[in-house]
2 protein chains.
Amino acid sequence: MPTYEATVSAPVNIACIKYWGKRNTSLILPTNSSLSVTLSQDHLRSTTTSSTSQEYAPGDRLWLNGREEEIVTGGRTQVCLAALRQWRKEVEEKDSAAPKMSEWPLRIASYNNFPTAAGLASSASGLAALVYSVSQLYALPQTPSQLSLIARQGSGSACRSLFGGFVAWEMGTRDDGSDSLAVQVADHGHWPEMHALICVVSDAKKGTSSTSGMQKTVATSSLLQHRIHHVVPARMEEISRAILARDFTTFASLTMQDSNQFHAVCMDTSPPIFYLNDVSRAIIAVVEELNRASLAQGKGMVAAYTFDAGPNAVLYALEENMHVVVHTINQFFPQTQDFPDPFGMLASPAGAGARPEGFNTSVVREGGWEKGAVSRLIHTRVGDGPRRLADEESLLTREGVPKTLA
Amino acid sequence: MPTYEATVSAPVNIACIKYWGKRNTSLILPTNSSLSVTLSQDHLRSTTTSSTSQEYAPGDRLWLNGREEEIVTGGRTQVCLAALRQWRKEVEEKDSAAPKMSEWPLRIASYNNFPTAAGLASSASGLAALVYSVSQLYALPQTPSQLSLIARQGSGSACRSLFGGFVAWEMGTRDDGSDSLAVQVADHGHWPEMHALICVVSDAKKGTSSTSGMQKTVATSSLLQHRIHHVVPARMEEISRAILARDFTTFASLTMQDSNQFHAVCMDTSPPIFYLNDVSRAIIAVVEELNRASLAQGKGMVAAYTFDAGPNAVLYALEENMHVVVHTINQFFPQTQDFPDPFGMLASPAGAGARPEGFNTSVVREGGWEKGAVSRLIHTRVGDGPRRLADEESLLTREGVPKTLA
């Protein structure tokens, strides 16, 4: 009997309008819509191979980064696989020639090309890759938006990783979650100049997990209710318009405001949740000063910062301004790890001299930060959605075990 | 011709429900009511002598901590003095025997017994002392609440320093500010066990001034509006009830929530305002853990933290629990300055051993904080309102110059 398989990669996404709070924790239905930029898989990706065969021993098996993970009954992975099998069943019912894969065991291996230490939400790209790979294996006719319904139940923000470009997760209103899905606002070709710089910030203490943190905010923050009902809906509209108009200053302004408001509602939680530390604050001060100085010269904003549930900054800037951002961060926050500099920013002749006139260096503490306060930089850009890869890229042997273990 | 004078002292107050935002910046009318604890003048006070004489050279003069300050026409001090003179005029109109002091020059010297570095709002105690000393000099019949109307126009939170104990600043609704005044919720004798520990936290960078910061929040934070209209009114009621019932756990819970929400709206400002630093966050973590462990044992909360527009913590605790707080802070945050320990906390036999069972020391970063992250501690308690002092305490010579300069 043949073995069927599909290998895909899926991207990381970083929200500009933040998801924080569930109205239904089992279906993962959010309290507000959110919007993200999909980052290029050339730099950051989860690669996943799913395979199935009638010959496999019973039971599904899953390996993450070479380590087998238990697929817990009723757990998030199993919920996703059950939903995908259900859709496969519909394919099989319509086409009697289609192999009855829905009844066969699955073998899935997934691998992230970025370290957990980078503080990126690997669950988003990982779950998107899992759902996309099985959907390819099963030759499902569903659209990415429909697949996002399943990815969402694996890990909320994973639903946004099923598209490239600029992606909205519409919160929906139905109780069954059937309208809580991802839609593409614009693809990556619409605004390819959108670059991102991830600044990995060291933190002595592990913060609150986002899963438990957001529900504490829902339970105790009075400000969250105002954010949900009165702030986010308008911001979703505004940032979508800014993206379509390629209006970086509006995009940046809304992105920074929403990051700050997300951390504000975390602080309004009892007990308060803090994800930003003094280094995060210092990065904010530098970006705000770059923008202030640039606006004072009648130009647009240079960059936007955004922070998820941790101290790492993601800075968005247009390609033409990114060398200023890289030089500035590099100067004030010397890293411990060499910067790979994939776009040749440090070689750029413009260099630090291109900082807007009037930039006030006193916003950074005297003497600058010690080496390693920012441990590493990752430079990437907006990118496309999940990719089907060639069979040679398979992570599994024909027997359905990870090649790294075989 | 005789010289008349009055010497007074006035206390510092620390808000539990925070004042942040003016609806009228010239009259200093707040966007929400606030509530504070008046701290004992045995430890922290502004002392002020006001004197007047027909013989003085024309023009009022003012010295703060031995340095002469210009009384700017139309400035805050002049506004207060003009209002006090108006009330003196009414006294003189009713009693023709009363000296016509309202027409004479004033000499005012004021002195704070705490360094500016302590990060306490010296303007509150200073303005309260100024207003109270002139009211005593002028033998005004007005009540402390009426005097608070004038102090408020000198420095908003100064109005709360005209009373001892637990003091509400009612925001009022009238456009002329005539109902925006301080009232006493309970005097210091109602709950004398209320102690306070000020933890002076070093900060490399000077933060945004509260005057400019609060108006940026009013202009840009959408969350502030929700706080003003929907959160603070209920909290004012609840904390007043908790004070009257001497319910420390409710008092502490509301105090911490309101401090956190104040800093949340600061963060929701564009650009964001940060007053807390990593040391402030660490103090929060320690207090939250003391409370968590105590509540887990079926006991009440141990302490409450509150932070104004800076990184310094003020911790409230009942006298019986303050030794645990002092020992804990002392252990995790070794100071550079000796702790005067006026209540003999470190000599207390209970000591650190009295920390609630189950206290998890891992909330503090490994190895603890470096010496001086908290530079000094000041232990005080709830105290009384402004005091009229004996003439021997006068800060001025008969010629109306500060004794320190004579």
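The values are calculated or read from the model by the stated rules, or taken from the named source; none is laboratory data. Predicted model, so just to flag it, every value in this text is computed and none were measured. A quick note on method: Cβ atoms are made from the backbone with ideal geometry, for glycine too, and the neighbour counts reach across all protein chains shown.
Might you let me know whether the range A:63-81 holds any residue that is among the basic types (Lys, Arg), in the same structural domain as A:Asp176 (by TED's automatic domain parsing) and touching a Ser or Thr at 6+ places or on another chain (Cβ under 8 Å)?
yes
For the range A:172-190, which positions are surrounded by fewer than 22 Cβ atoms within 10 Å (Cβ to Cβ), part of a loop (DSSP other than H, G, I, E, B) and touching a Lys or Arg at 6+ places or on another chain (Cβ under 8 Å)?
Once the filter is applied, which keeps residues that are surrounded by fewer than 22 Cβ atoms within 10 Å (Cβ to Cβ), part of a loop (DSSP other than H, G, I, E, B) and touching a Lys or Arg at 6+ places or on another chain (Cβ under 8 Å), the range A:172-190 yields only A:Gly177.
Just one of the numbered conditions (1) surrounded by 15 or more Cβ atoms within 10 Å (Cβ to Cβ); (2) among the hydroxyl-bearing types (Ser, Thr, Tyr); (3) without any contact (Cβ under 8 Å) to a residue 24 or more places away in the chain is not true of A:Thr208; which one?
It is condition (3) that A:Thr208 fails.
Answer with yes or no whether B:Thr269 is within 14 Å of another protein chain (Cβ to nearest Cβ), within 19 Å of A:Phe262 (Cα to Cα) and either outside any helix (DSSP H, G or I) or free of Cβ contacts under 8 Å to residues at least 60 places away in the same chain (or both).
yes
Taking the options B:Thr249, B:Thr220, B:Thr255, name whichever one is more than 18 Å from B:Met171 (Cβ to Cβ), buried (at least 24 other Cβ atoms within 10 Å of the Cβ) and either among the polar types (S, T, N, Q) or assigned by TED's automatic domain parsing to the domain that holds B:Ala158 (or both).
The conditions single out B:Thr255.
When you check B:Ala264 against the structure, is it more than 10 Å from chain A (Cβ to nearest Cβ) and of a type in the set (Gly, Ala, Ser), yes or no?
Judged against the criteria, B:Ala264 is not a match.
Return only the number of the condition from (1) part of a helix (DSSP H, G or I); (2) hydrophobic (A, V, I, L, M, F, W, C); (3) away from chain B (no Cβ under 11 Å) that A:Ile198 does not satisfy.
(1)
Being within 30 Å of B:Tyr56 (Cβ to Cβ), of a type in the set (D, E, K, R) and away from chain A (no Cβ under 14 Å) is the requirement here; does B:Lys371 meet it?
no
For the range A:302-330, name all the residues that are modelled with pLDDT under 95 and either among the small types (Gly, Ala, Ser) or not assigned by TED's automatic domain parsing to the domain that holds A:Met345 (or both).
A:Ala309, A:Gly310
State yes or no: is B:Val302 under 15 Å from B:Phe359 (Cβ atoms), within 14 Å of chain A (Cβ to nearest Cβ) and out of contact with any helix residue (DSSP H, G or I) (no Cβ under 7 Å at 6 or more places or on another chain)?
No: the conditions fail for B:Val302.
Would you mind stating whether B:Ser240 is in the same structural domain as B:Cys199 (by TED's automatic domain parsing), among the small types (Gly, Ala, Ser), out of contact with any Pro (no Cβ under 7 Å at 6 or more places or on another chain) and part of a helix (DSSP H, G or I)?
When the stated conditions are applied, B:Ser240 passes them.
Return the residues of the range A:272-290 that are free of Cβ contacts under 8 Å to residues at least 12 places away in the same chain and either in a loop (DSSP other than H, G, I, E, B) or not assigned by TED's automatic domain parsing to the domain that holds A:Leu223 (or both); say none if nothing qualifies.
Correct list: A:Pro272 only.
Among the residues that make up the range B:61-72, is at least one of them crowded, with 23+ Cβ neighbours inside 10 Å, modelled with pLDDT of 95 or more and aliphatic (A, V, I, L, M)?
no
Just to be sure before I move on: is A:Ser240 touching a strand residue (DSSP E or B) at 6+ places or on another chain (Cβ under 7 Å), more than 29 Å from A:His190 (Cβ to Cβ) and at pLDDT 95 or above in the structure I sent?
No: the conditions fail for A:Ser240.
Quick one: which residue in A:Ser102, A:Ser46, A:Ser34 is more than 30 Å from A:Glu193 (Cα to Cα) and small (Gly, Ala, Ser)?
Being more than 30 Å from A:Glu193 (Cα to Cα) and small (Gly, Ala, Ser) holds for just one of A:Ser102, A:Ser46, A:Ser34, which is A:Ser102.
Evaluate the following for A:Val37: is it touching a residue at least 12 places away in the same chain (Cβ under 8 Å), buried (at least 18 other Cβ atoms within 10 Å of the Cβ) and assigned to a strand (DSSP E or B)?
The answer is yes for A:Val37.
Only one of B:Asp338, B:Asp308 is surrounded by fewer than 17 Cβ atoms within 10 Å (Cβ to Cβ) and of a type in the set (D, E, K, R); which?
The match here is B:Asp338.
Considering the range A:341-364 alone, what residues qualify as being at pLDDT 90 or above and more than 18 Å from A:Val302 (Cβ to Cβ)?
Selection gives A:Asp341, A:Pro342, A:Gly344.
For the range A:144-171, enumerate the residues that are part of a strand (DSSP E or B) and surrounded by 24 or more Cβ atoms within 10 Å (Cβ to Cβ).
The answer is A:Phe166, A:Val167, A:Trp169.
Return yes when A:Glu366 is surrounded by fewer than 16 Cβ atoms within 10 Å (Cβ to Cβ), under 23 Å from the mean Cα position of the chain (by Cα) and of a type in the set (D, E, K, R) and no when it is not.
No: the conditions fail for A:Glu366.
Restricting attention to the range A:18-28, does a residue exist that is assigned to a strand (DSSP E or B) and either surrounded by 24 or more Cβ atoms within 10 Å (Cβ to Cβ) or among the aliphatic types (A, V, I, L, M) (or both)?
So far as the range A:18-28 goes, no, none of its residues is assigned to a strand (DSSP E or B) and either surrounded by 24 or more Cβ atoms within 10 Å (Cβ to Cβ) or among the aliphatic types (A, V, I, L, M) (or both).
For B:Ala282, indicate whether it is within 11 Å of chain A (Cβ to nearest Cβ), in contact with a Lys or Arg (Cβ under 8 Å, 6 or more places away or on another chain), buried (at least 17 other Cβ atoms within 10 Å of the Cβ) and not acidic (Asp, Glu).
Against the criterion (within 11 Å of chain A (Cβ to nearest Cβ), in contact with a Lys or Arg (Cβ under 8 Å, 6 or more places away or on another chain), buried (at least 17 other Cβ atoms within 10 Å of the Cβ) and not acidic (Asp, Glu)), B:Ala282 qualifies.
Please find, within the range B:92-107, the residue that is nearest to B:Ser123 (Cα to Cα) out of those that are touching a Phe, Trp or Tyr at 6+ places or on another chain (Cβ under 7 Å) and not in a loop (DSSP other than H, G, I, E, B).
Only one residue tops the list, namely B:Arg107.
Considering only the range B:220-248, state which residues are among the aliphatic types (A, V, I, L, M) and more than 13 Å from chain A (Cβ to nearest Cβ).
Answer for the range B:220-248, where residues must be among the aliphatic types (A, V, I, L, M) and more than 13 Å from chain A (Cβ to nearest Cβ): B:Met236, B:Ile239, B:Ala242, B:Ile243, B:Leu244, B:Ala245.
Could you list, in sequence order, all residues of the range B:44-60 that are surrounded by fewer than 24 Cβ atoms within 10 Å (Cβ to Cβ) and within 17 Å of B:Ser102 (Cα to Cα)?
Result: B:Ser53, B:Gln54, B:Glu55, B:Tyr56, B:Ala57, B:Pro58, B:Gly59, B:Asp60.
Regarding B:Arg292, is this residue at the interface with chain A (Cβ under 10 Å from one of its Cβ atoms), farther than 29 Å from B:His190 by Cα and surrounded by fewer than 24 Cβ atoms within 10 Å (Cβ to Cβ)?
No: the conditions fail for B:Arg292.
Of the residues A:Phe274, A:Phe251, which is in contact with a helix residue (DSSP H, G or I) (Cβ under 8 Å, 6 or more places away or on another chain), of a type in the set (Phe, Trp, Tyr) and facing chain B (nearest Cβ under 10 Å)?
A:Phe274
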